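Taken together, the values in this text are just the output of simple stated rules run on the coordinates, not laboratory data. Note that this is a predicted model, so its numbers are computed, not measured. Cβ placement follows ideal geometry from the backbone for every residue including glycine, while neighbour counts extend to all protein chains displayed.
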Amino acid sequence: MREIEIGILADLQRLGLTAAQVAGVFAAFECRRYADYEARRRSKPVKAPRAPGKRGERFLPDASLSDASREWAISHGLLAGDVAKVFEDFRDYWVSQAGPRGVKLDWPATWRRWVRKHLADKRDGRPRAMTVFQHRQQEADDVIRTLDDYLASKAPGSGDGSG
C-alpha cells in the first residue's frame with residue numbers, strides 16, 4: 001500500500017469502521033479510480049483504422065528511375081546529363097533513412113519534390129545541405145589534397161631546392 005492509503009486506513013479505523021467497512025471504502029475508491037481512467041481513455045481520439053492498401057513502402061536499393069519520371073524531371077528543367085546523378089543522390093538518401101521517415105506512400109511524388117527542391121537550390125545558388133558523411137568525406141578529400149600538394153612540393157625536381 002502507498003503511504004496515503006495507509007494514512008487513510010488508519011483514519012478510517014480511528015473512526016471505528018470495521019475491516020469490512022474499510023475494505024468497502026477502498027473498493028469504492030478503486031472503482032472510482034477505474035471509472036476515471038475509463039472516462040479518460042474513452043475521451044482520447046481514436047485513430048481511424050488504416051485503409052487497406054494504404055501502407056507506405058521503403059525505397060528499394062536496386063530501384064531504377066522510370067522513363068516517365070526521367071522525362072518529367074527533364075521537362076521541368078533538370079539537365080538530361082544531371083538526371084542520373086540527382087537520382088543517385090535521391091536513392092542513397094532514401095535508402096539510408098531509418099525508421100518511419102524512410103517509408104512513403106508515393107515515391108514518384110517524393111521524386112518530383114526532390115527534383116523541384118534541387119532546381120530551386122540550384123537557381124538560388126544554394127548547395128544542397130550535406131549529410132555528416134558528406135562533410136567528413138569533403139574534409140578527408142581536403143586533407144588528401146593538401147598532403148598531395150605538400151608531397152609534390154618536396155619531390156625531387158620540384159624547384160624549391162630542398163629535394
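Spin-label model, Glu3/Val132: points 7 Å from Cα along the beta carbon direction are separated by 4.3 nm. Within the listed set Ala27, Ala68, Ala109, the residue fluctuating most in the Gaussian network model of the chain (springs between alpha-carbon atoms under 10 angstrom) is Ala27. In a simple Cβ point-charge model (Lys, Arg +1; Asp, Glu -1; nothing else charged), the stretch 57-129 has a dipole of about 340 debye relative to its Cα centre. Straight-line cross-link reach from Lys117 at under 27 Å between alpha-carbon atoms covers these lysines, not counting any fewer than eight positions away in the same chain: Lys54, Lys85, Lys104.
Straightening the chain between Ser66 and Arg101 buys 10.3 nm, computed as 0.36 nm per residue apart minus the Cα-Cα spacing.
Based on every Cα atom in the chain, Rg and the maximum pairwise Cα distance Dmax equal 33.6, 108 Å.
When the chain is described by a simple charge dipole with +1 on each Lys and Arg Cβ and -1 on each Asp and Glu Cβ, the residue from Gly81, Ala10, Trp114 located farthest towards its positive end is Ala10. Taken about its Cα centre, the chain carries a charge dipole of about 1100 debye when Lys and Arg each add +1 at the Cβ and Asp and Glu each add -1 at the Cβ. The stretch 57-129 has equivalent-ellipsoid semi-axes of 20, 15, 11 Å, by the square roots of 5 times the alpha carbon gyration tensor eigenvalues, sorted largest first.
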